[in-house]
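A quick write-up on the structure given underneath.
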Amino acid sequence: MNNSSLQKARYEYSPKLPGMLRHGISEICVNEGAETQSVADQDKIKALFPNTYGKKEITFQKGQNTSEAKKQVVGVILSGGQAPGGHNVICGLYDALKATNKANVLYGFKGGPSGLINDDYLIFDDEYIDQYRNTGGFDIIGSGRTKLETNEQFAIVAEVCKKHGITAIVIIGGDDSNTNAAVLAEYFAAHNTGVQVIGCPKTIDGDLKNEDIECSFGFDTATKTYSELIGNIARDCNSAKKYWHFIKVMGRSASHVALECALKTQPNICLVSEEVAAKKMSLSEIADYIADSVEKRAAKGMNFGVAIIPEGVVEFVPEFSTLIHEINELLAGEKADAFNALPTWGEKYTFIENGLTKESMEVFAILPVAIQQQLFLERDPHGNVQVSLIESEKLFSALVGDKLRARKAAGTYAGKFSTLHHFLGYEGRCAFPSNFDADYCYSLGYNAFMLIQYGYNGYLSKVSNLSAPASEWVAGGMPITKMMNIERRHGEDKPVIKKALVELEGAPFKYFESHRDEWAEDTCFVYPGAIQYYGPAEVCDITTVTLALEHQK
């Protein structure tokens, strides 16, 4: 196959490891820390995880390797959506495994967790793995969204492990996948299978984060990729001076991606879902907030701008959440058939009008017709509105347009308002990983094997001190149960890893908040440009603004 010059050069890149992992394998020992407890619901989590709860945090350091010398046969899966750097987790795992003992074997189970259940795998060798070093994507073995959560599934996985003599499974995934890793680890321990489970923290959304996980992998590369595109759009906007660009960015619930892109590019507007929820902002209030920026800029002769909209923002608008809930009730069961049988949108509209409360109907009525219809077209397997399909960038630009027409009629606004819309999502999930993600992911994989070698089960591969150069990173592990709490899911209490939303008292948001009024009125755009892989470290190895602000010394 023909490879691009960059691709060839990236194969040759040697990822940087934390200092304590740079010693030979024989010189890495364990330093045990304090016993842990879950972030909440301690008694319930302890009862659910009697064999894996309360274990100690550990860090690796230079010293005599005291692990038991035995052949390791490890299985690895990629779970959930793609994130840049996943290939390097597997490469780091493979390299550490082979450096420890050439006879060690790494199985890659294909297509995510279902590969483990269906026993669909390949066995990695040097030639195969070398094609994927420092590259984006999950195509090395593919991924999937099957959840490992039932005892029947666990029993099948245990049989597959027994068949191949597998000693450990590494699950590379987000909060749900690592929750499943913890439950599988508990099952393996309870049934004395001798199989260990190690998790690795992945998601571009940035919401797998806590006092132990400073950053999930992929967030750095994805936000740099989006910010390059937003910077390009902003520069075009500042050149043409005639469009307002509404740009939706990925991030299912939390607004970490939107906030990081705003910190990098300084747009005129960036909505933060968590703030919308905290202030109980209505659609009308949000539209007024954006319209104020348009009006102030128009008064200075600037009929152009950039607004960043997080993917999940409408769910955080209280009145919109209520509307969604009412629509789900309105179309429950047989009522959906009656609605779908109506031949015209006018008749359907009357059906809706008769079924919603007065307050929700007022919200529904101000939505553009295309958005109204989206709410009734696409349902998920549970019969609910698929909020992620709502084109919120078009919704807000339409609502702002309505506000500006009213202001024009009142004589308070005399500018022009022409809009363009963008959704940045899949463009960032499989990008060539930045040096930071290439290094971080390789370290997570290498470190995962050290946890296996030392016999840990139900642990997360943990690399911290990430705002410092890689040589100063700290490698170790923590019990996954430490991150868990109990949440209601489909009417049942379930142990889950707590999603991290943007903290409105945190340094990243506070910095944004202190500058946004100026950005809203003036043109303060920053153009980050493409990710740099070669050159001075302060350009190539730079981390996210979020991480830098959170850990500023």
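Each value in this text was obtained by applying a stated rule to the coordinates, not by laboratory testing. Source: prediction; values computed, not measured. In this analysis, Cβ positions are derived from the backbone assuming ideal geometry, glycine residues included, and neighbour counts consider all displayed protein chains.
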So for the chain, taking the charge dipole from beta-carbon charges (+1 Lys/Arg, -1 Asp/Glu), which of Thr481, Ile352, Gly445 sits furthest toward the positive end? Gly445
Take every DSSP beta bridge with both residues inside the chain and express the antiparallel ones as a percent of the total, to the nearest 5. 40 percent
Taking amide H atoms as placed 1.01 Å from N in the peptide plane, list the residues 5 or more away in sequence, or in a different chain, whose amide H sits under 5 Å from that of Gly142. Gly111
So, with +1 on the Cβ of K and R and -1 on the Cβ of D and E, and no other charges, what is the size of the charge dipole of the range 329-446 about its Cα centre, to the nearest 20 debye? 680 debye
Here, GluC sites (Glu not before Pro) of the range 17-101 satisfying both criteria (DSSP loop; at most 12 other Cβ within 10 Å) are Glu68
Per the charge dipole of the chain (beta-carbon charges, Lys/Arg positive, Asp/Glu negative, Cα centre), the residue among Asn134, Thr52, Pro495 reaching farthest to the positive end is Asn134
With just the Cα atoms defining each centre, how far is the range 451-505 from the range 238-307? Give it in Å. 32 Å
Given the DSSP H assignment, sum -39500 (n - 2.57) over each helix run of at least 4 residues in the chain and divide by its residue total; what's the result at 222 nm in deg cm²/dmol, nearest 500? -13000 deg cm²/dmol
Residue by residue through the range 124-138, which ³J(HN,Hα) values in whole Hz follow from phi under the Karplus form 6.51 cos²θ - 1.76 cosθ + 1.60 (θ = phi - 60°), with glycine and proline marked x? 6, 9, 4, 4, 5, 5, 5, 6, 10, 4, 6, 10, x, x, 10
Only Lys, Arg (+1) and Asp, Glu (-1) charged, at Cβ; the range 235-289 dipole about Cα centre in debye: 200 debye
Given Cβ point charges of +1 (Lys, Arg) and -1 (Asp, Glu) and nothing else, what value in debye, to the nearest 20, does the dipole of the chain about its Cα centre take? 800 debye
Identify the trypsin sites (Lys or Arg not before Pro) of the range 7-78 meeting these criteria: DSSP loop state and at most 12 other C-beta atoms within 10 Å of the C-beta. Lys70, Lys71
So the angle from the long Cα axis of helix 175-190 to the longest Cα principal axis of the chain, reported in degrees to the nearest 10, equals 30 degrees
Which loop trypsin sites (Lys or Arg not before Pro) in the range 374-456, with loop taken from DSSP, have no more than 16 other Cβ atoms within 10 angstrom of their Cβ? Lys416
Amide H neighbours of Ala168 under 5 Å, counting only residues 5+ apart in sequence or on other chains, H built in-plane at 1.01 Å? Val73, Gly75, Gln196
Excluding Ala470 itself, calculate the net charge of residues whose Cβ lies under 11 Å from the Cβ of Ala470, where each Lys or Arg counts +1 and each Asp or Glu counts -1. -1
In the set (1) 22.8, 75; (2) 25.1, 81; (3) 29.1, 97, which value of Rg and Dmax of the Cα atoms in Å was calculated from the structure you see? (2)
³J(HN,Hα) across the range 81-95 via Karplus (A = 6.51, B = -1.76, C = 1.60, θ = phi - 60°), whole Hz, x for Gly/Pro? x, 5, 8, x, x, x, 4, 6, 4, 5, 5, x, 4, 4, 5
Given Cβ charges of +1 for Lys and Arg and -1 for Asp and Glu, the option among Leu259, Met281, Ala190 whose Cα lies farthest towards the positive end of the dipole of the range 190-284 is Met281
With an 8 Å cut-off on Cα pairs and a minimum separation of 6 or more residues, tell me the relative contact order of the range 179-268 in percent. 25 percent
